[in-house]
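These notes are about the structure you will find just below.
Only the coordinates and a few stated rules stand behind these numbers; no lab work does. Everything numeric in this text was worked out from a predicted model, so none of it was measured. All Cβ positions, glycine included, derive from the backbone under ideal geometry; neighbour counts span all protein chains shown.
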Amino acid sequence: MNATAAAAPRNGARWLTQALEAEGVETLFGYPGGTIMPFYDALVDSKLKHILVRHEQGAALAANGYARASGRVGVCVATSGPGASNLVTGIADAMLDSVPMVCLTGQVATHLMGTDAFQELDVFGLTLPIVKHSFIARRVEDLPEIVRDAFRIAREGRPGPVLIDLPKDVQVADASHLPDHVPAEVEAPPAPADAALAEALAAIAGAEKPVIYGGGGIGLAGAVEVFREFVEATQIPTVLTLRGLGALPGGHPNYLGMLGMHGTRAANMAVQESDLLIVVGARFDDRATGKLVEFAPFARVIHLDADAYEISKLRTANIALPGDVAAGLRALIGARSTCDDWRKRCRMLGEKHGFRYDAPGTDIYAPALLKRMTELAPDDAIVACDVGQHQMWVAQHCKFNHPRNHLTSGALGTMGFGLPAAMGAQFACPDRTVLLVSGDGSFMMNVQELVTIARCRLPVKIVLLDNSSLGMVRQWQELFFAKRYSEIDLSDNPDFAALAEVFGIPAKRIDRRDQVEDALADLLAQPGPALLHVAIDVKANVWPLVPPNTANSTMLDSNPADQAAAESNATPPRTESPHALPA
């Protein structure tokens with residue numbers, strides 16, 4: 001601390017930096033501006049490590065990735081007006097995926113609020129639907145209670161983001177009289193009721209076709225180990241949601257894969273035939289259930305969740321177990337399931353409908369490349385991804401040994417999530433390998449953060465799958481809009497390898513299958529950041545797929561029109577887009 005700062009009285013901004021340190025914050029992500037400048041002045045003399053991003057959305061998504069990978073509260077900072085509004089997508093993403101964050105925004109001085117002052121924005125009102133709580137500090141004396149409550153709320157129960165709006169005059173006000181910050185205790189969730197647990201034990205014992213359906217709440221509750229113990233003890237076939245991947249190791253004999261729209265056929269068939277669903281930290285999301293009224297039509301439901309409001313929200317629970325998920329699972333470990341025939345059937349389904357990687361041709365087959373990527377990477381590697389076809393291929397074909405090793409935008413589906421999230425994860429876990437799998441559409445949405453990765457020499461390894469199109473939109477237009485392709489052509493993409501090298505990041509481009517092994521080995525061997533640009537077939541689709549508003553039992557393994565044409569040895573008609581770029 002310099003002499004000038006030491007002599008200056010402690011103002012609200014300096015008190016806040018010390019409070020963040022007391023909360024255990026080490027790293028925060030942000031971008032300075034007018035109304036947040038006092039806070040940035042205080043950062044100069046603090047122990048906090050501030051990461052300057054190149055867009056405020058990058059700050060929110062980096063804090064989001066930091067929190068997902070570490071389990072700690074992520075912190076982001078922006079100025080008022082456009083700075084605050086640029087955080088909104090990252091905050092909403094955290095809210096919908098239950099990620100603990102505290103977001104700090106500058107605000108015009110209190111006497112100017114409501115006057116349409118320069119860069120004034122009602123960020124409190126703007127963010128109310130997408131945070132667990134919003135605060136405005138109207139006096140410096142409000143700061144201790146606000147900061148204490150903000151971090152407690154972000155962590156407690158079902159985690160989520162909290163926003164603190166900081167008027168400029170509050171930041172510069174004298175805070176020498178304020179006490180040093182002491183973090184609040186986080187209240188542990190109650191254990192599920194004994195009577196309901198006894199009923200659940202009896203239901204498991206009596207079930208002939210039980211299935212465990214695990215979701216993101218397992219990781220959020222710190223219940224991964226006890227969940228695995230429960231599966232081992234009961235030997236019940238298990239499926240996982242997108243956010244639950246990693247709760248059970250990929251090669252586990254009772255694991256049938258991800259369920260839902262792009263889940264495995266074995267997982268979806270088992271759920272549809274089951275007579276008991278043991279739902280752990282999942283919320284019956286539409287992408288998991290397909291047509292809800294036809295989802296698991298013969299099954300009774302036992303539902304464990306930390307958030308009591310999720311239980312019976314979409315599917316009525318026959319046995320409700322709100323509260324501590326780990327405690328509930330621990331109490332159910334003694335359950336005895338006599339479903340040997342059912343277990344054999346489920347394992348047969350898994351063997352019969354397992355993914356194949358022997359696609360014909362010399363083009364790069366993305367599922368095989370991603371499978372090999374996680375085979376070559378360390379077991380504790382963190383894989384972040386963006387949104388689109390590559391996101392589903394990652395979920396289907398990569399292996400994770402913990403939910404925190406798979407960073408994906410689940411409920412909001414945020415394109416541009418991957419690059420800043422990977423950046424945040426690398427700051428949270430500096431000794432771990434962090435991989436980013438992105439698509440050519442998503443990558444361009446926050447491409448500016450390559451500067452941040454290069455500046456900080458973050459050793460993030462980027463695998464960029466390039467099909468020169470908005471692949472998932474193109475696939476849906478092919479299947480459900482009569483091949484009327486509209487605004488999905490990205491054939492004017494830049495040379496991504498050359499682009500990375502402009503930022504000082506080593507890069508390579510491949511387009512043949514025989515290049516994959518060496519290219520992945522080279523990528524993982526790089527000591528710093530690196531990018532592998534992978535050209536894939538524009539016509540490649542994600543299979544299987546459950547069509548919208550249908551039951552999960554109606555999975556498609558190829559385009560029905562193309563299949564019918566192939567069976568009749570006909571060539572299907574192709575409708576060119578009127579909006580395709582000229583040759």
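With all pairs of different alpha carbon atoms counted, what Kirkwood hydrodynamic radius in Å does region 366-567 show?
17.5
For region 20-78, what does the alpha-carbon gyration tensor say about shape, rounded, prolate or oblate, given a ≥ b ≥ c as the root eigenvalues, a/c under 1.5 as rounded, and a/b over b/c as prolate?
Taking the square roots of the gyration eigenvalues as a ≥ b ≥ c, region 20-78 is oblate.
Can you say what percent of the DSSP beta bridges in the chain, counting only those with both residues inside, are antiparallel? Round to 5. Before the final figure, lay out each step's value.
Numbers: 4 of 66 bridges.
Beta bridges within the chain, antiparallel portion: roughly 5 percent.
Cut-off under 20 Å on the C-alpha distance; same-chain residues fewer than 8 positions from Lys47 excluded. Which aspartates and glutamates are left, in chain and number order?
Glu21, Glu23, Glu26, Asp180
Using label points projected 7 Å from each Cα along Cα→Cβ, tell me how many nm separate Val293 and Ala498, to one decimal.
Label-label distance for Val293 and Ala498, simple model: 5.6 nm.
Could you compute the FRET efficiency for Asp341 and Asp380, with r as their C-beta to C-beta distance and R0 at 30 Å, rounded to 0.05?
0.20
Using r as the Cβ-Cβ distance of Ile333 and Leu112, and R0 as 51 Å, what FRET efficiency do you calculate, to the nearest 0.05? Don't skip to the answer; put the middle values down first.
On the way: r = 59 Å, r/R0 = 1.16.
After rounding to 0.05, the efficiency reads 0.30.
By the gyration tensor of its Cα atoms, with a ≥ b ≥ c the square roots of the eigenvalues, what is the shape of region 255-315: rounded for a/c under 1.5, prolate for a/b over b/c, or oblate?
Numbers: a/c = 1.59, a/b = 1.49, b/c = 1.06.
Since a/c reaches 1.5 and a/b is larger than b/c, the shape of region 255-315 is classed as prolate.
Estimate the FRET efficiency between Ala22 and Leu52 by the formula 1/(1 + (r/R0)^6), using the beta-carbon distance for r and 30 Å for R0, to the nearest 0.05.
Once rounded, the FRET efficiency stands at 0.80.
Roughly how many debye, to the nearest 20, is the charge dipole of region 3-172 about its Cα centre, given +1 on each Lys and Arg Cβ, -1 on each Asp and Glu Cβ, and no other charges?
Dipole of region 3-172, to the nearest 20 debye: 400 debye.
Over region 238-290, what is the relative contact order in percent, taking alpha-carbon pairs closer than 8 angstrom and at least six residues apart?
34
Would you mind putting 16-27, 89-100 in packing order, based on average other-beta-carbon counts within 10 Å, highest first?
With the highest mean Cβ count within 10 Å placed first, the list reads 89-100, 16-27.
Please compute the net charge surrounding Ile136, taking Lys and Arg as +1 and Asp and Glu as -1 over other residues with Cβ under 11 Å from its Cβ.
Once all neighbours under 11 Å are counted, the net charge is -1.
Quick one: length gained pulling Tyr357 to Ser312 fully straight, 0.36 nm per residue minus the C-alpha distance?
12.2 nm
Which residue, chosen from Gly65, His390, Ser80, occupies the Cα position most advanced towards the positive end of the dipole of the chain, where the dipole is computed from +1 (Lys, Arg) and -1 (Asp, Glu) charges on Cβ about the Cα centre?
Positive-end residue among those listed: His390.
What whole-number distance in Å separates the alpha-carbon centres of region 401-415 and region 165-183?
First find each Cα centre; the distance between them is then 35 Å.
Give me the dipole magnitude in Debye, nearest 20, for the chain about the Cα centre, with unit charges on the beta carbon: positive for Lys and Arg, negative for Asp and Glu. Don't skip to the end; give the middle numbers.
Numbers: 50 positive and 66 negative charges, 153 e Å.
In debye, rounded to 20, the chain gives about 740.
So how do 298-311, 493-506 stack up, highest first, on mean other-Cβ count within 10 Å?
Per-residue Cβ counts within 10 Å, averaged per peptide and sorted highest first, yield 298-311, 493-506.
Where the centroid of each part is defined by its Cα atoms, how far is region 511-532 from region 471-504 in Å?
The two parts, judged by their Cα centres, are 22 Å apart.
Could you count how many Lys pairs in region 215-373 have their Cα atoms under 27 Å apart, skipping same-chain pairs fewer than 8 positions apart?
Lysine pairs satisfying the spacing and distance rule in region 215-373 number 5.
I'd like the distance separating the alpha-carbon centroids of region 76-103 and region 240-256, in whole Å.
Here the two parts' Cα centres lie 30 Å apart.
Cut-off under 20 Å on the C-alpha distance; same-chain residues fewer than 8 positions from Lys168 excluded. Which aspartates and glutamates are left, in chain and number order?
Asp41, Asp45, Glu56, Asp116, Glu120, Asp122, Glu141, Asp142, Glu145
How much length is gained if the chain between Asp122 and Asp537 is pulled fully straight, taking 0.36 nm per residue apart and subtracting their Cα-Cα distance, in nm to one decimal?
Contour length minus the Cα-Cα distance gives 144.8 nm.
Ranked highest first by average number of other Cβ atoms within 10 Å, how do 375-384, 439-448 line up?
439-448, 375-384
Normalised by the number of residues in the chain, what is the relative contact order in percent for Cα pairs under 8 Å and 6+ residues apart?
Numbers: 1315 pairs, mean separation 77.5, N = 583.
After rounding, I find 13 percent.
If a/c stays under 1.5 just call it rounded; otherwise compare a/b with b/c (prolate if a/b is bigger, oblate if not). Do that for region 194-352, with a ≥ b ≥ c from the square roots of the Cα gyration tensor eigenvalues. Kindly include the intermediate steps, with their values, before the conclusion.
Details: a/c = 1.27, a/b = 1.14, b/c = 1.11.
The shape class here is rounded.
Find the relative contact order for region 194-352 and round it to a whole percent, using C-alpha pairs within less than 8 Å whose residues are 6+ positions apart.
Computed over region 194-352, the figure is 31 percent.
On a full-extension model of 0.36 nm per residue, what is the gain between Arg513 and Thr554, subtracting their alpha-carbon distance, rounded to one decimal in nm?
Here the answer is 11.5 nm.
Computed from these coordinates, which is semi-axes √(5λ) of the Cα gyration tensor in Å: (i) 41, 32, 21; (ii) 36, 33, 25; (iii) 46, 28, 20?
It is the one labelled (i).
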